[in-house]
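Student: Once you've had a glance at the structure underneath, I'll fire off some questions.
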Amino acid sequence: MKISIIIPVYNVAEFIERCLLSALNQTYSDIEIILVNDATPDSGIETAETIIQKHPRKESVKIIHHPENKGLAAARNTGIKHASGDYIFFLDGDDEISKDCIEILSVFTKDNSIDLIIGEIAVIGNKRKAYPPLLLEDGIYHGNDFISNAFFQKQWYEMAWNKLIKKNFLAEKKMLFTEGLLHEDTLWSFQLALQIHSIAVIHAETYFYHIQKNSITQKKSPKNMNDFLLVLEKTIRLSQEKHLFETSASIFSYLENLRIYFIKSLLRNNFSENYISDKKKELDNLFNHNVWRYRKQSFVSKIKETVLNIQAHLNSKHGNTGDSIRD
């Protein structure tokens, strides 16, 4: 099976050598590497080209250039369109993979019925709690009801990377990323969970996720908040279309967890009180009209919100930053 590794390149000059070499030095033989230059203003592509020219695997690399910056979602979509592999693997330009990553994950590609293969991640540079680990045990799982509910219960993670995904599945389901949208992984993975019928899980740390200080996952802007609210709206609408509120009890806890994440992001960053108040009202309207009319907000969710609001009030009173709000 041929594997296509897609690496978007934008402002990652400091890290691209580490990332690219981790892909080029894979123990698995049948790979192609697709670098998507998203009109990066730094020297990342020049650095990559120098590395490629000296590497024995240089013929396995494609570089696709965007004439203008289009964002991570568009870069991944471009990679998908140019991929010739049987499976797709997403790798961010500031991260890296173990040298046997593809070899480990590809064991399950021998079973042609498997659409998605998930490995474990190691998080580097995170002072807070790391991303949740894979809670599903090693093995193969069939049936969308089980797989989607496992996703709603956070038993497999939403990030697009560190997964082998069958290209034919992506094409058949038209599974592209929504361009121009931050938090694109959250929406894309939710759509994936609604459609996937077979996954394989292996608890080997095959991906090293490096958290950078100025990463959009750490610092939130108004666009982050507006886009995440849009992701919530789309997720809730899809839940209604698929009748999940009537058929899946776990969808409520999933959406409430997204709500808590949204509130944490509001309170951790330096937004004005008026902005926070306005966004909370939008969030409440969305849930009151579209989620809690099916089932009331859970007691646990209410307690979490109350604790967050108390912490935010105390931090404000003592002049602390929102970063002291605990996970």
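Each value in this text was obtained by applying a stated rule to the coordinates, not by laboratory testing. Remember, predicted model here, so these are calculated numbers, not experimental data. Glycine gets a Cβ as well: all are built from the backbone with ideal geometry, and neighbour counts include every protein chain shown.
Student: Would you please give the FRET efficiency between Met1 and Lys223, computed as 1/(1 + (r/R0)^6) with r the Cβ-Cβ distance and R0 = 41 Å, to the nearest 0.05?
Tutor: With R0 = 41 Å, the Cβ-Cβ based efficiency is 0.60.
Student: Can you give the FRET efficiency for His289 and Gln53, using 1/(1 + (r/R0)^6), R0 = 45 Å, r = Cβ-Cβ distance, to the nearest 0.05?
Tutor: Efficiency at R0 = 45 Å is approximately 0.20.
Student: Please enumerate, by chain and number, the aspartates and glutamates with C-alpha under 13 Å from the C-alpha of Lys281, excluding those fewer than 8 residues away in the same chain.
Tutor: Once the sequence-local aspartates and glutamates are set aside, what remains near Lys281 is Glu273.
Student: Just list whichever of Lys167/Lys223; Lys54/Lys99; Lys242/Lys296; Lys110/Lys167; Lys167/Lys220 have alpha carbons separated by over 24 Å in the model shown.
Tutor: From Lys167/Lys223; Lys54/Lys99; Lys242/Lys296; Lys110/Lys167; Lys167/Lys220, over 24 Å: Lys167/Lys223; Lys167/Lys220.
Student: Out of these labelled values of Kirkwood radius over Cα pairs in Å, (1) 20.9; (2) 20.1; (3) 22.5, which was calculated from the coordinates shown here?
Tutor: For Kirkwood radius over Cα pairs in Å, the calculated option is (1).
Student: Please give the Cα centre distance for the stretch 15-33 versus the stretch 84-123, rounded to the nearest Å.
Tutor: Using only Cα atoms, the two centres lie 12 Å from each other.
Student: Hey, another quick one. How many nm is it between the label spots at Leu314 and Asp30, if each spot is 7 Å from the Cα in line with the beta carbon?
Tutor: If labels sit at Leu314 and Asp30, their model points lie 5.8 nm apart.
Student: Which GluC sites (Glu not before Pro) in the stretch 145-198 sit in a loop by DSSP (not H, G, I, E or B) and have at most 16 other Cβ atoms within 10 Å of their own Cβ?
Tutor: Here the GluC sites (Glu not before Pro) that fit, given the DSSP loop and packing criteria, are Glu179.
Student: Taking 0.36 nm per intervening residue step and subtracting the Cα-Cα distance, what contour gain separates Ile276 from Ala122 on full extension?
Tutor: Full-extension gain reported as 52.1 nm.
Student: What residues of the stretch 133-163 lie in the reach of a label at Ser113, counting those whose backbone N is under 16 Å from a point 7 Å from the Cα along Cα→Cβ?
Tutor: Only 139-147 fall inside the zone, counting backbone N under 16 Å.
Student: Need the C-alpha centroid separation for the stretch 242-303 versus the stretch 34-77, integer Å.
Tutor: Here the answer is 39 Å between Cα centres.
Student: Continuing with this model, one more query. Under the rule of -39500 (n - 2.57) per DSSP H run of 4 or more residues, summed and divided by the residues of the chain, what mean residue ellipticity at 222 nm is obtained, to the nearest 500 deg cm²/dmol?
Tutor: Taken over the chain, the calculation gives -13500 deg cm²/dmol.
Student: Run down the aspartates and glutamates and flag those whose C-alpha is under 16 Å from the C-alpha of Lys81, throwing out any fewer than 8 positions away in its chain.
Tutor: Once the sequence-local aspartates and glutamates are set aside, what remains near Lys81 is Glu32, Asp38, Glu172, Glu179.
Student: Next up: Multiplying the sequence separation of Thr306 and Glu137 by 0.36 nm and subtracting their Cα-Cα distance, what value in nm do you get?
Tutor: 57.4 nm
Student: Where in the stretch 1-99 are there GluC sites (Glu not before Pro) that are in a DSSP coil and have at most 13 other Cβ atoms within 10 angstrom of their Cβ?
Tutor: Those satisfying the criteria are Glu68.
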